[in-house]
Every structure is written in structure tokens, then in C-alpha cells.
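Input: a single structure, listed below in C-alpha cells.
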Amino acid sequence: MEKRHKTSYIIFRILLTPTVISLVIFAILCLTSYLMTKEGQHNFRVGFPKTFYEQFRVSGSDTNNWGWFPINFILDGLLIWIISVGGYFYWLKNFYKPKDK
């Protein structure tokens, strides 16, 4: 039982770094997509590569309309996490050289 606990702890520690990296990348991509699509005070879209939130104002209306697509949010997060984990392990395999004592 102790060996299984130790193995799951090691897997958790290995996946923690690329998960944090993917959260940072996700936040940066969301902010970038917001800033690039912002048109005035009311029109913008958030999400890359799929838009998962958008706010817009229909002409002649005084209220904001918005659209939320949770499946696109999940797909964006999952895609960025998979790319981050794959890139992290690729970097470990090909470029990381541990320091010798």
C-alpha cells in the first residue's frame, strides 16, 4: 500500500509543473484574445482557439448581450493542458540536463 501512495505522489509532482504552466498560458491567451477583440466598451470575445465568452451590444439597444459556451471553455483548457504537458515532457527528454554533483 505504501508503494502505491508513493507512486501516486510522484505522478502528482510530475504533473504539477506543466499544469501550473498551462494555467499561466491559459490566462495569457484569454487576456490576449480579450485585448485583441475589444471594440469599444461593450464588444469583445474571450478564448483561443475557440471563443467561450463574448459580449456585444445590438445596435439600438442600451443593454449588453452576452454568450457563454462552456464546452469551448473545457476544450480550450484541455487543449492547452495537453500541449503544455507534451511540451514539458519533450523538453525534459531532449533538453534538460540534470546537474551532476
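Taken together, the values in this text are just the output of simple stated rules run on the coordinates, not laboratory data. Given the structure is predicted, the values throughout are model-derived calculations rather than measurements.
Return a whole-number percent for the relative contact order of the chain, with Cα pairs under 8 Å and 6 or more residues apart as the contact set.
22 percent
Quick one: of the DSSP bridges fully inside the chain, what percent are antiparallel, nearest 5?
Looking only at bridges with both residues in the chain, the antiparallel portion is about 100 percent.
Using the alpha carbon gyration tensor of segment 16-58, what are the three equivalent-ellipsoid semi-axes (square root of 5 times each eigenvalue), largest first, in whole Å?
25, 9, 6
Mind listing the long-range amide H neighbours of Arg57? Cut-off is under 5 Å, sequence gap 5 or more, other chains count too, H placed in the peptide plane at 1.01 Å from N.
Here the answer is Asn65, since their amide H atoms fall under 5 Å of that of Arg57.
Could you check how many percent of all C-alpha pairs in segment 11-101 are farther apart than 17 Å?
60 percent
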